[in-house]
Structure formats: C-alpha cells, structure tokens
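Computed from the coordinates by the stated procedures, all read-outs in this text should not be read as laboratory data. Treat the numbers as computed from the prediction; the structure is a model and nothing was measured. Glycine also receives a Cβ, built like all others from the backbone with ideal geometry; neighbour counts cover every protein chain displayed.
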Amino acid sequence: MTNCLSIVLRNQFNLFYRFGCAFIPKCTLIYFDGNITEKVENQIIEQFETTTPFEYDEEYLILHLEINNSQEANIEVGINDIVKIYPLSKQAKKSIESKIDPRIRLENPIFESLLSKIEVGIQNREVNNAIQSLWTICKIEKPLEDYLLKLGFENIIKGLEHRKNGTKADEIQNGNYWEYLIAYDRHEYFSKSMLGYFYDAGLIFAHSKGQPTFEGSKVYGFLEQLNMKDPQIESLRIIDLLEKSEDSKGYISQNTKDNIKQYIIAPLYLKLKDEIRNSEDITQTNLIKKFEILKKEFGDSFLYSIILLGAFFGFRKFYDLYYDSLNLRFYKKSNIEHPAPKDKQSKETSDDKTNLLRIIHDVLNGKSEIPISNIIEQIKKETGRKVSNKYIKEIIKDDRSITIGKIGRKDTVKLNSNGQQKLNF
C-alpha cells in the first residue's frame, strides 16, 4: 500500500462519504512515506496553486490515503482507504465538526502553518484576474503586460499586503512608490475637490522619500496658491500649471520614472477610487461613463490608474460587469430571461453616450460656440444615426466643460470660459 495526500473540496468529501467511493486524478496525489517533511509541505503549496481558489478555510480538506499502486489516470478510492482527515485550520475544524457525522474524527490541523503561503498564491491570482477583467471591461486594446511590467506586479502586491497588515503609508520603510500609493489613506484634511487629490499625491511622494509631511516644500506652496485663487480648479488646468511652474520642477522630475507620470496617476487613481467606493453602481462612475474622455485627456496615466484600481478593489468588485462584457456563451440570450442592467436598457445609453460625447468634444475642439445642428450632422456622418436636439442636451447636461446657449433661434453649445475642454473632475 502507498501513502498519499489528496486535497479535496469538503462537498466532494461529503459525496465520497455518501457513496463510499471517489475517483481522484493521480496527478493531484502527493506521495509520501507517512512522515510530513518540508518537501511534502512544499508539494501541498504547489498543489493548491493549481486548485480552484477558496474563500474560507473550511472549504477544503486534506485526506491521508493508503491506496494500491495504479497506472490509471483516475484512481478509484474506497472509503476504507482514508486513514486521516485534516482540516486546514483550527477554526475550520470547529466549523466542519458541527456539520458532519459526529463519528468522523478530524485530526489537528497540522498544515495550518502553510495557509499564509497558500493564501498569497490565491490573492496573486485574484489581483491579476481583477486587473485583467477591468482592462477587458474598458476595452483597452493595448497589451496589459507592457503596462503591468512597468509598474511591477510585486510592488502592487506589497502595497496590498501593507493594507492587509494595517501598515500606513508613512510607516513603510524603503518601499517602492506604488506601495505607498496603494497603502495610502487620507488622514490629513484635504478638500474633496480635484485639487485635494493633488495634495494627497504630494503627501504620498513625501512618504516615499521618508518624510512625514510635504508642508513647507515648494510644491506645497504652489498648491496653496492655487487653492487660494481657485479651489475648484479642474485637473487638466492643475497639471498644466504644475508642469510649467518653476517651483514644481524638482517634484515633477523626481515623480517621473520611465515616462510614467506618478504626479498625474496618483490623484487620478485616488479620485476614481473614491468614486467607485461611494457608488452602488460602477457603471455610473466616471471610470465607465467618461472612459473615452479620460483616455483622451490623460493617456497612459489613465491606463496605469486602471491597473491600480483593479488591484485595489479585486475581482469580486468587477466580475459581474466583466461577465457581461464577455457575453458568456452559457448566459440566457432573451432580454426577458436575462434583463440588461439599468444603464443598458436603451440603445441610447451607456456606451452610446460615451461615444457621442467624444464626438461632441471633437467637433468643439478649437471652436468657441457652434449650433447643436452641426453636432447632429457630424454624429450622422460618423455613426449613421440621427439623434435629436433634446438627446444632445441630455448627453451634455452633466458635463460642466460644455455650456448650452442660443444664437437667435438656434440652440448652441460652447466650451467653458477658459476655452479649454476639461473633464468635470
């Protein structure tokens, strides 16, 4: 007889116990001489890396089996071949014992010390899946790997570990910038305006340099001056002034690595993160509603922020929208059986509005004021659709960069007072 260990779902064990037998793939068995060595423990960790992830410790058991040698790919195991049953933790042992046949003896959880390493593997896969799902939802054609490589997946994971362990950004020692950004939570009083997120970015940069604050720095003084003049100043204007100011040259140069503009990514990411946190429906956030505008105005900086958002919120936050975007083949196709989300109940919603808003901004580019009829004409040229005057007004009503006006009897649209297109952000 040969000793081996088998990782099984608890529900799988329930069926095993119900029917008295099970078929277990030979490739999943861990053979050993009866002694649990470091090699055996490493094999268990490796086996979990190719096993369906779990959320709770009680979802899996490890069985000690004694079986006959077999060349079959799937080995039939009888109930009497089970020698011992190991839960993954003390908590799991207590929970499972309350639900199974009281005659069954669960061993002490001798593999509990492996849980942290197993969970790291699960977390890494989930973070990667979350980033990939958000990339797909946003229909980004550029290869994710190129952007993720520049940020460093390990830096993102370290930042998440800091959050999990309760380590604040100002407590991190010799970390990478992205660790500080992901670990950061606002503790200072900064306004909730877009300018406030640039203050956050300045403080994060200070933490990454081992400083508890950035008060007294040139960039802090620069932001203070902006705050006194226009506390509701928009993001693009802030960036423009920041990049032109002599006082922020050092901040800009030290905050740009491999053409990655950390000073833009940080406030953009923090703003979108707060929006998603406070929204019951992610499709109603600027990330989705104004994706095309964000991509146009912030370029690669926006794409890097998407990676960070995916990592921060995890796969659970996005999987429903992700599955919709995949149009899964096993989903019901009838609108009655599988109703569309509220924001997709009409053709003239969601993606349509985002696309049409892009066309409106393109038409306005370089012009101060134009009739809405000109926009309708351009939309018809690009999409073949004829939209109403009323619908154009509906699309732009929440975009503060555009104002509705009138010339004679004609409805018009014009850019805001400074003549620049800016996202309401």
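The relative contact order of the chain, computed from alpha carbon pairs under 8 Å that lie at least 6 residues apart in sequence, is 12 percent. Can you tell which of LEU134, ILE282, LEU114 lies farthest toward the positive end of the dipole of the chain, using +1 and -1 charges on the Cβ of basic and acidic side chains (Lys, Arg; Asp, Glu)? Highest projection toward the positive end goes to ILE282.
Ranking ILE100, LEU65, SER191 by how far each Cα lies toward the positive end of the dipole of the chain (charges on Cβ) leaves SER191 at the top. Calculate, for ASN355 and LYS209, the FRET efficiency according to 1/(1 + (r/R0)^6) with r their C-beta to C-beta distance and R0 45 Å; round to the nearest 0.05. The value I calculate is 0.60. Computed with the Debye formula from one identical point scatterer per Cα of the stretch 221-312, without solvent, the log10 of I(q)/I(0) at q = 0.16, 0.21, 0.22, 0.24 Å⁻¹ comes to -0.73, -1.13, -1.19, -1.29. In straight-distance terms, cross-link reach from LYS333 covers every one of the lysines whose alpha-carbon lies under 20 Å from its own, apart from those fewer than eight places away in the same chain; here that gives LYS342, LYS344, LYS347.
The spread of Cα positions in the chain, taken along each principal axis and listed from longest to shortest, comes to 93, 58, 36 Å.
Based on DSSP H assignment, which helices of the chain show an axial Cα extent of at least 24 Å together with a mean Kyte-Doolittle hydropathy greater than or equal to 1.6?
Details: long enough: 115-137 (32 Å, -0.03).
Helix filter hits for the chain: none.
Could you sort out which of LYS117/LYS164; LYS295/LYS332; LYS142/LYS295; LYS273/LYS393; LYS39/LYS99; LYS290/LYS397 sit more than 23 Å apart by Cα distance in this structure?
Working: LYS117/LYS164 14 Å; LYS295/LYS332 33 Å; LYS142/LYS295 12 Å; LYS273/LYS393 29 Å; LYS39/LYS99 33 Å; LYS290/LYS397 13 Å.
Those over the limit are LYS295/LYS332; LYS273/LYS393; LYS39/LYS99.
The calculated FRET efficiency for ASP320 paired with LYS393, based on their beta-carbon distance and R0 = 41 Å, is about 0.85. Rounded to the nearest 20, the size of the Cβ-charge dipole of the chain about its Cα centre is 1940 debye, with Lys and Arg at +1 and Asp and Glu at -1.
At most 12 other Cβ atoms within 10 Å and a DSSP loop assignment: could you name the trypsin sites (Lys or Arg not before Pro) in the stretch 129-176 that fit?
On the way: sites: LYS139, LYS150, LYS158, ARG163, LYS164, LYS168; in loops: LYS139, LYS168.
The qualifying sites are LYS139.
Summary of packing: across the peptides 24-34, 269-279, 69-79, 172-182, the per-residue average of other C-beta atoms within 10 Å ranks them, highest first, as 172-182, 269-279, 24-34, 69-79.
Using alpha carbon centroids, what distance separates the stretch 154-204 and the stretch 116-133, in Å? Here the answer is 21 Å between Cα centres. Note on the stretch 38-143: Rg/Rh from Cα positions, Kirkwood definition for Rh, rounded to two decimals, is 1.09.
Where only DSSP H runs of four or more residues are counted, the chain gives -15000 deg cm²/dmol as its mean residue ellipticity at 222 nm, each run worth -39500 (n - 2.57). Between ARG237 and THR2, the contour length at 0.36 nm per residue exceeds the alpha carbon distance by 77.5 nm.
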